[in-house]
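Undergrad: Sending over a structure as structure tokens; questions will come in a sec.
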Amino acid sequence: MSDKSHVSLEQHVCLVCGVAFDTGTILLDKRLRASMALHTPTGWGLCPEHQKLSDEGFVALVECDPQRSGSPSGNGHMKPEQAYRTGRLAHLKRDVFAKVFNVPIASNQPCVFVEPGVIEQLQSRVAPAAS
């Protein structure tokens, strides 16, 4: 028996963590051919955890390995599918991000890809919590 079907559950891939998550949409092959797997990734989005942080005003800093990532486009922006995520993340409030990096960020931009070392530099600037 084939594991393909004419229906599939749509998934998006989280821009921040790279994990696939269900969107709640069912996809249907109009020709009723067994062409789709049980889950079909169709685009990018934010998983529930990272959507909540974005809604609360945070920007995700996603560390990427430049040696393993694809080369940025002509405008210097890396596409999500080119980013090789290392698994290191940090979240900054939008106003703090704009001050620290001295650049504005669009209100609908949930994340930025950063080089290794950026998150460590930010952590070293934070005073340790009092015990």
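Coordinate-derived values only; no laboratory data. Everything numeric in this text was worked out from a predicted model, so none of it was measured. A quick note on method: Cβ atoms are made from the backbone with ideal geometry, for glycine too, and the neighbour counts reach across all protein chains shown.
Undergrad: Would you work out the charge dipole size for the chain about its Cα centre, treating the Cβ of every Lys and Arg as +1 and the Cβ of every Asp and Glu as -1, and quote it to the nearest 20 debye?
TA: Details: 13 positive and 13 negative charges, 43 e Å.
In debye, rounded to 20, the chain gives about 200.
Undergrad: Kindly count the pairs of lysines across the chain whose alpha carbons are less than 25 Å apart, treating pairs on different chains or eight or more residues apart as eligible.
TA: Summing the qualifying lysine pairs gives 6.
Undergrad: Considering the dipole of the chain built from charges on the beta carbon (Lys and Arg +1, Asp and Glu -1) around the Cα centre, which of Met36, Val19, Val59 is farthest to its positive end?
TA: Final value for the positive-end residue is Met36.
Undergrad: In deg cm²/dmol and to the nearest 500, what is the mean residue ellipticity at 222 nm of the chain if only DSSP H runs of at least 4 residues count, each as -39500 (n - 2.57), divided by the residue total?
TA: -5000 deg cm²/dmol
Undergrad: Once R0 is set to 25 Å, what does the formula 1/(1 + (r/R0)^6) return for the Cβ-Cβ distance between Glu56 and Asn102, expressed as a FRET efficiency to the nearest 0.05?
TA: After rounding, the FRET efficiency stands at 0.60.
Undergrad: How much of the DSSP bridge set in the chain is antiparallel, in percent, rounded to the nearest 5? Write down the numbers at each step before the final one.
TA: Details: 13 of 23 bridges.
The antiparallel fraction comes to roughly 55 percent.
Undergrad: Tell me whether the stretch 57-125 comes out rounded, prolate or oblate; compute the Cα gyration tensor, take square roots of the eigenvalues as a ≥ b ≥ c, and use a/c under 1.5 as the rounded threshold.
TA: Here the stretch 57-125 falls in the oblate category.
Undergrad: Determine the percent antiparallel among the DSSP beta bridges restricted to the stretch 2-69, to the nearest 5.
TA: So the antiparallel bridges in the stretch 2-69 amount to around 55 percent.
Undergrad: Springs between alpha-carbon pairs under 10 angstrom, Gaussian network model over the chain: which of Pro104, Pro66, Pro80 fluctuates most?
TA: In the Gaussian network model the winner is Pro104.
Undergrad: If you don't mind, another one. Among (1) 18.4, 64; (2) 17.4, 61; (3) 13.7, 41, find the value of Rg and Dmax of the Cα atoms in Å that was calculated from the structure presented, and write down its label.
TA: (1)
Undergrad: Going by amide H atoms built from the backbone, whose H comes under 5 Å of the H on His91, apart from near neighbours?
TA: Amide H neighbours of His91, under 5 Å, 5+ apart: Leu61.
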